[in-house]
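Visitor: Pasting a structure below so you can have a look.
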Amino acid sequence: MDQLLDITTTPIKIELKTTPGRLEMNSKFASVKMSREQGGLEYQIEPLQMKIDNTQWRNSLNLKNCDTFVRDVAAKGRQAGLDAVAKTVKEGNQLALAHRRVTPADIARSNLNRVRESVMDFIPKGGVKISWDGGTVDFRYTRSQLNFDVEPSTLEIQYVPAQLEYFVSQYPRVDIQYIGEPFYFPASAAPGYTEQELDKLV
């Protein structure tokens with residue numbers, strides 16, 4: 001009798017993938033950033049201011065300014081008024097003594113006979129006053145500066161563990177294939193049926 005079935009088996013297929021462990025290092029070198037602040041020299045100068053005061057010297061030469069001249073004239077006018085009042089009072093007192101045989105002629109004569117005093121004076125008087133202000137110099141020096149910004153070096157270490165992976169690339173399988181001739185029932189249903197074919201089956 002001929003073989004009717006063809007049986008084929010496919011075994012399982014497994015792939016194994018391994019990844020070894022490793023160390024990953026990330027390092028960063030140290031860096032230095034330098035900046036400079038520029039210094040400088042600053043100074044402030046106040047110039048000398050000289051003042052010369054010759055007021056007394058000019059007044060002694062009668063070279064007065066308007067303000068001084070007006071004040072002096074006013075003072076002399078006031079003194080002249082006082083002197084005139086004093087003279088009038090004195091003459092009035094003398095006339096009051098008429099009973100003592102004092103006549104106006106005697107009073108006028110006494111005024112003319114007054115002793116005149118002379119004074120020797122030297123001009124100009126006083127000196128020149130000299131003064132001054134200012135004349136200062138201020139210095140301010142600012143030093144230059146260097147600034148350093150240091151970033152230290154770093155080292156990062158990371159361990160990546162090993163991996164073991166399984167892959168089933170082919171699953172097991174059994175293939176059964178019928179390779180014989182088909183059976184027909186009744187036999188007369190088979191295509192190309194003849195009596196001879198029936199004898200073969202028997």
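Visitor: Obtain the nm distance between the two label points defined at Asn93 and Glu42 by a simple spin-label model: each point lies 7 Å from its Cα along the Cα-to-C-beta direction.
Guide: Each label point lies 7 Å from its Cα, and together they span 7.6 nm.
Visitor: My understanding is that a pair violates if its Cα-Cα distance is over 31 Å; which of Lys90/Lys125; Lys76/Lys129; Lys51/Lys125 do that in this structure?
Guide: Details: Lys90/Lys125 36 Å; Lys76/Lys129 27 Å; Lys51/Lys125 19 Å.
Beyond 31 Å: Lys90/Lys125.
Visitor: So, one more: When only alpha-carbon atoms count, how far does the range 11-83 stretch along each of its three principal axes, as whole angstroms with the largest first?
Guide: The Cα atoms of the range 11-83 stretch 158, 25, 15 Å along the principal axes, largest first.
Visitor: Multiplying the sequence separation of Tyr178 and Gln49 by 0.36 nm and subtracting their Cα-Cα distance, what value in nm do you get?
Guide: Values: separation 129, 0.36 × 129 = 46.44 nm, distance 13.33 nm.
Result for the pair: 33.1 nm of gain on full extension.
Visitor: Full-extension gain between Lys33 and Val160, please, as 0.36 nm times their residue separation minus the C-alpha to C-alpha distance.
Guide: Working: separation 127, 0.36 × 127 = 45.72 nm, distance 3.48 nm.
Length gained, Lys33 through Val160: 42.2 nm.
Visitor: Moving on to the next point. Using a 7 Å offset from the Cα along the Cα-to-Cβ direction at both Ser131 and Asn147, what is the distance between the two label points in nm, to one decimal?
Guide: Computed distance between label sites Ser131 and Asn147 equals 5.0 nm.
Values in this text are rule-based calculations from the coordinates and carry no lab data. Since the structure is predicted, the reported quantities are computational estimates derived from the model, not experimental observations. Note that we place each Cβ from the backbone using ideal geometry, even for glycine, and neighbour counts take in every protein chain shown.
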